[in-house]
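Quick note: the coordinates plus some simple rules give every number you see, no bench work behind them. Being a predicted model, the structure only gives us computed values, none of them experimental. Cβ sites come from the backbone with ideal geometry, for glycine too, and all protein chains shown count toward neighbours.
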Amino acid sequence: MTNRYAPWAKLTRPTLAARRARARLSRAVAVICAVAAAAMAVTLLDLLVATESVVVASRTLHRGDVIGVEDVMVVEAPRSPVTEHAFSETSEAVGRVAQSDIGARQPLFPANARDAPVVPTGRTVLEVVVANDASALVAGDTVRLVSAVGCEDTPGPGVSDVAGDASGPVPEGRASPCTLAEDALVMKRPVKDENGAGTAVIPLAMTPEAALAVMDSAQLGAIVAVTR
């Protein structure tokens, strides 16, 4: 038996007023459902077409290139987890160093565009001519500088301290190679030395003591850059 005191009791009565009330309620529910459905549709559509600003390369960049203003541009791309951590403003990428080859229209991330190195406190920059191939080095790498003629004024027998050198004892009368700078920071990409075939010039940041050792050793013989 229907409780005549319930809130919905008037709607269940077989009267004209009750029928009209039920009709008004049905229309209100229909409007509310339509509005809710429209709101959900707009939200879903926004998720499907939402875009974000992404910095991409405007041309092909090669490993070691310093990124300039003309090398990047901003495009609107569909929002995606793939580009979530990409740069969104060109100022974030300009001045950085490409860590790998970057194709045109490829997004730029902190992982493939590293900050250009700055000279650490207490260090000086010296252009060093190395005898080995240094073309793979880019700004921000660190190298160990090794003298091929040794660090002693008087040559003598010994064993090389270069890591991985298994050549055995140095022959009598020859100096043993030694480290001149333990962690020299590459400031710019090496360039070919025009005064020597097969040699390269690398601007390196190092301690003043290491710089003096390098300058002294350069007058005696070849210097080799060992990638760390």
message: Can you compute the modelled spin-label distance between Asp193 and Met40, with each label point 7 Å from Cα toward Cβ, in nm?
response: 7.4 nm
- prompt: Using Cα pairs under 8 angstrom and six or more residues apart, how large is the relative contact order of the stretch 19-114, in percent?
  reply: 30 percent
- line: Toy charge model, Lys and Arg Cβ at +1, Asp and Glu Cβ at -1: the stretch 51-125 dipole around Cα centroid in debye, rounded to 20, equals 260 debye
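Which length gain, in nm to one decimal place, applies between Ala28 and Glu92 when the Cα-Cα distance is subtracted from 0.36 nm times their residue separation?
Values: separation 64, 0.36 × 64 = 23.04 nm, distance 5.27 nm.
In short, 17.8 nm is gained.
Sort 181-189, 220-228 by the packing proxy (mean of other Cβ within 10 Å over each peptide's residues), most packed first.
Ranking the peptides 181-189, 220-228 by packing returns 181-189, 220-228.
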message: Suppose each label sits 7 Å from its Cα in the direction of the beta carbon; what would the Arg105-Ser58 distance come out to in nanometres?
response: 1.7 nm
